[in-house]
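Below: one structure, written as structure tokens.
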Ligand code: C5P
């Protein structure tokens, strides 16, 4: 597979065209950003860690019957994915109160929620990714009601699989964000990444934070936290 010109550069990844029209080449960067890009740093090794963790999780989900855009890991920092058109909605699933939910509703961080919460955010940097509901999605024409139902159901299924998988590795899945894309047939496919950048992951016994909150809240060494997650998932250094 040949990497051609860059199509897009995001906060954490670069996307390149490939010689095959149906795929794109994703290169994970070493940059960390938080608070809609207000806080920034370069963290050596982060690109490799997120690429390896995300590849491993997408492979595990595929084995559980949940396909995604992921095709294969190409190198330490790169993966090949199916080309999709990203739906501008971030789907957040929450099992335990933390982050903006705890702040918005005055909940105590760490409180187990009586039921799983699914939220939708409008993926729009200029607006700071605001929380939206079905009616907002309809008037902005971001997705059809059927697509929304499908995104919600898939997100809950991903939550079930990921929660038990992480639990078996001594990690609590507090919350996470998913993105979807549509392929050339209009089918919804899980896209973007699933990594400690997009999930809150706490040690099951100590509640030690092993995710991007380490960077957001200056709690210590981010790469070391992500390395712990990779190790627990049985990740082996990439040899390709
Ligand atoms: O900040 P908040 O509590 O709303 O985040 C919920 C979950 O979604 C967290 O796991 C966070 O890492 C993830 N998230 C993300 N990208 C965003 C917003 C939130 O990955 N733009």
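Quick note: the coordinates plus some simple rules give every number you see, no bench work behind them. Everything numeric here is computed off the predicted structure, so don't read it as measured data. Here the Cβ positions follow ideal geometry from the backbone for every residue, glycine too, while neighbour counts run over all protein chains shown.
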Worksheet, complete the sentence: At 10 °C and 1.306 mPa s, the Stokes-Einstein diffusion coefficient in µm²/s for the chain, with hydrodynamic radius from the Kirkwood sum on alpha carbon pairs, is 87 µm²/s
Item to complete: Whole Å is fine, so just give me how far the alpha carbon centre of segment 28-91 lies from that of segment 124-142.
Response: 23 Å
Worksheet item: If you count, for each residue, the other Cβ atoms within 10 Å and average over each peptide, how do 120-126, 209-215, 77-83, 43-49 line up from highest to lowest?
Response: 209-215, 77-83, 43-49, 120-126
Discussion item. Rg/Rh for segment 169-240 to two decimals, with Rh computed the Kirkwood way over all alpha-carbon pairs.
Written reply: 1.07
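Averaging sequence separations of C-alpha pairs under 8 Å and six or more residues apart, then dividing by the length of the chain, give the relative contact order as a whole percent. Present the calculation step by step, with values, prior to reporting the outcome.
Numbers: 451 pairs, mean separation 44.5, N = 240.
About 19 percent, as a whole number.
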Worksheet item: In percent, what relative contact order does segment 1-136 have, based on Cα pairs under 8 Å that are 6 or more apart in sequence?
Response: 15 percent
Worksheet item: What ratio of Cα Rg to 2.2 N^0.38 Å holds for segment 1-84?
Response: 1.12
